[in-house]
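Okay, so here's the structure we're looking at.
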Amino acid sequence: MRPYHLLFQHVLSRTDPELAHHATVRALALAHAVPGGPLVLRTLFGHGIGRGADPSVTALGLPHRTPFGMAAGFDKDAEIALALLDMGFGHVEVGTVTPRPQPGNEKPRSFRLIPDRALVNRMGFNNEGAEAMARRLARIRATRRGRDAVIGVNIGKNKTTPADRAVEDYRLGARILAPVASYLAVNVSSPNTPGLRDLQGVDALRPILAAVVEEARGAGPDERDVPVLVKIAPDLHDDDVIAVAELVDEVGLAGVIAANTTIARPDTLVTPRAKVEAAGAGGLSGPMLAERAVEMLALLRTALGRDAVIISCGGVMTAADVAERLALGADLVQGFTGLIYEGPAWAGSIARGLRRR
């Protein structure tokens, strides 16, 4: 058994998931800040894939050193984006961030389903707010390394903002963060903010996306447009997935991220039902999302053609999983839950596995 798996089995699995997450973020931030720390992270965990981008892996107009990236939710406030890149991810999506700071939902709000290598969370967009993230990202972008880093920003609305004013929140978040984002991801699919998923309906979604695209236009370096994607839920009906795809051309989006966590609790879960029920409401992530993520990828690629970008997310655990998504038409692939169960060398091992292929 590898050292990380021993640590997880005997220590981390007995620690509150949110406490373990915060400890991980603090440790990575500290490790990256000390002299020589980035090199140590690349050497220990990045499997020698280096810092430079691979021009053969291009998406959203940007070169990536590997097509596999970190999904939103792990680095909520852009504290460790560069550290995650040094660990082997090709891009990092930070957030979800809201215009104003908010504490999120009551604790406990994160739970492991260890037999399924899964997580349930109902964090509720806990974050320090868009202004704080923008300042942090501006400091990163002021460095040579930071200017080359592919860091997307996932934006949402505040919990206290009523649905009929959601456009204002998304517009403000885009206005603040587009100048420091490699791309913007519009999150209307988290199950942990009341009423948020209702915004995935085309009539509600259209003005939100149009507002974000407008704010992103000319906001990047050299007045380039910042690409905008929408992140959707795996629980959408196929017809609704296709309806969202039709908005891509209509509104001028760069593409779609599919998919977020699910509110379903599949019968295939092997965790005892009592423990699943005790975890309560929230978004489920893990390998059980793979089947639906692949279905959505196929639907979207058929509906969108080849021009729009699709970032496939959900159930990815191995280099073979990533390779399958790429073969089915994904431009980029994201993961999150696998880092919890596989440890800090996970992304680097996937990048190395993809290069061997």
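The values are calculated or read from the model by the stated rules, or taken from the named source; none is laboratory data. As the structure is a computational prediction, the values presented were derived from the model and not from experiment. Methodologically, a virtual Cβ is constructed for each residue, glycine included, from the backbone with ideal geometry; neighbour enumeration extends over all protein chains shown. SASA here: full protein model, heavy atoms, side chains in, ligands and nucleic acids out. Shrake-Rupley method; radii C 1.70, N 1.55, O 1.52, S 1.80 Å.
Note on the chain: GNM, Cα springs under 10 Å; of 163, 293, 347, the largest mean-square fluctuation is that of 163. Taking a straight line from the alpha carbon of residue 275, these lysines sit under 23 Å away, with near neighbours fewer than eight places off in the same chain left out: 107. Partner lysines whose Cα lies under 17 Å from the Cα of residue 231, excluding those fewer than 8 positions away in the same chain, are identified as 76, 157. Among 18, 93, 223, the largest mean-square fluctuation in a Gaussian network model of the chain, built with springs joining Cα atoms closer than 10 Å, belongs to 223.
For the stretch 261-270, the Karplus equation 6.51 cos²θ - 1.76 cosθ + 1.60, evaluated at θ = phi - 60°, returns couplings of 6, 10, 8, 6, 10, x, 5, 6, 4, 9 Hz by residue, with Gly and Pro reported as x. The stretch 119-172 and the stretch 227-250 have Cα centres lying 21 Å from one another.
You can think of it this way: the chain between residue 242 and residue 145 has 31.1 nm of extra reach, that is 0.36 nm per residue less the Cα-Cα gap.
How big is the dipole moment of the stretch 298-357 about its Cα centre under a simple scheme where the beta carbon of each Lys and Arg is +1, that of each Asp and Glu is -1, and everything else is neutral? Debye, nearest 20, please.
For the stretch 298-357, the charge dipole is close to 240 debye.
The structure-derived value of Kirkwood radius over Cα pairs in Å appears in the list (i) 21.7; (ii) 20.1; (iii) 23.3 under the label (ii).
Just the number please: accessible area per residue for the stretch 1-155, 1.4 Å probe, all protein chains included, in Å².
44
If I build a Gaussian network model for the chain, linking alpha-carbon pairs within less than 10 angstrom, which residue out of 221, 287, 179 has the largest mean-square fluctuation? Comparing 221, 287, 179 in the GNM, the peak value goes to 221.
With both labels modelled 7 Å from their Cα along Cα-to-Cβ, the residue 263 to residue 5 distance reads 3.7 nm. The magnitude of the dipole of the chain, with charges of +1 and -1 set on the Cβ of Lys/Arg and Asp/Glu and taken from the Cα centre, is near 1420 debye. Placing unit charges on each Cβ (+1 for Lys and Arg, -1 for Asp and Glu) gives the chain a dipole about its Cα centre, and among 335, 17, 264 the Cα reaching farthest toward its positive end belongs to 17.
Each Cα pair of the stretch 268-311 feeds into the Kirkwood radius, which the Stokes-Einstein equation turns, at 4 °C and 1.567 mPa s, into a diffusion coefficient of 100 µm²/s.
Taking the protein heavy atoms of the stretch 234-357 in the context of the full set of protein chains, the accessible area attributed to carbon and sulfur is 53 percent at 1.4 Å.
Once the Cα-Cα distance is subtracted from the 0.36 nm per residue extended length, the residue 24 to residue 132 segment shows a gain of 36.8 nm.
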